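One structure is given here, and the rest of the page talks about it.
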Amino acid sequence: MPKRSRSQLSRNSSQARASKIRRNEESSSETENRLSIHRQYVAQSRARESSTERSQRLAEQNMRTAQIRARESSLQRSQRLAEQNVRTSRVRARESSLERSERLADQNLRTSQARARESSLERSQRLAQQNLRTSQVRARESSLERSQRLTEQNLRTSHVHARESSTQRLQRLEEQNIRNIQSRTRESSSERFQRLQDQRERQQTSRARSRNQVLAHSNRSAFRYDPQIDYAQQSSVQIGDMNKICPKCSAKKMGR
């Protein structure tokens, strides 16, 4: 690429300063009009470019972005992400239900195409990075944030399961079983031991919670008897059978 002369650089700098001054003095309607014209120009330019030109443009764009990201400090990165989240929230708040559906459909399509192109190594790297980011986020969250996240996750899952048909449910369970089998096949003996131990601990916690709930409900139940509860089936209750007969009136009594 030929070097530009000093006069050319000065002329470009002067034009950039003049353009910045004009931008600062323009009204909101003029700004919107200028941006609309710019978007139309970009769309027409994108429509004319070939696949090779598009790939080259995206590669150069990614390289410039990577260089900028590498130079920014942690404070600048946090500020950039915060501003990006604000802009995204504003855009999401303005979009209609149809626009949201189209955006999510396009996003799912792009994700599927990217997943189809990646190799097994790229997929492993992506999942490893994703797991690392998730672990870091989980480690920073408080107990309240964790409870709130799990509650919202369970609510979303319940809504999804409530909308699915019987065919979709069978397909989901079948895919889930396949993933579980594949995961079990890949795990080592230590990972299997850890998984079973965690499973036993969860079961013990669940049983203890259920037992405590039963005991709490059974406390002073004689004074608040509920005919809907089968007290004889509870392990904490030992009523006995009506197998003792009174020798005087022949009435059956409890054996205990």
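The values are calculated or read from the model by the stated rules, or taken from the named source; none is laboratory data. None of the values given here were measured: they were computed from a predicted structure. Cβ: placed from backbone, ideal geometry, glycine included. Neighbour counts: every protein chain shown.
For the reader, a short list of remarks on this structure follows.
- Verdict on Ser135 being small (Gly, Ala, Ser), farther than 23 Å from Arg92 by Cβ and either more than 14 Å from the chain's Cα centre (by Cα) or surrounded by 11 or more Cβ atoms within 10 Å (Cβ to Cβ) (or both): no
For (1) modelled with pLDDT of 90 or more; (2) part of a helix (DSSP H, G or I); (3) loosely packed, with under 10 Cβ neighbours inside 10 Å, each residue gets a yes or a no:
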{"position": "Ala162", "(1), (2), (3)": "yes, yes, yes"}
{"position": "Gln171", "(1), (2), (3)": "yes, yes, no"}
{"position": "Arg192", "(1), (2), (3)": "yes, yes, no"}
{"position": "Leu196", "(1), (2), (3)": "yes, yes, no"}
{"position": "Leu215", "(1), (2), (3)": "no, yes, no"}
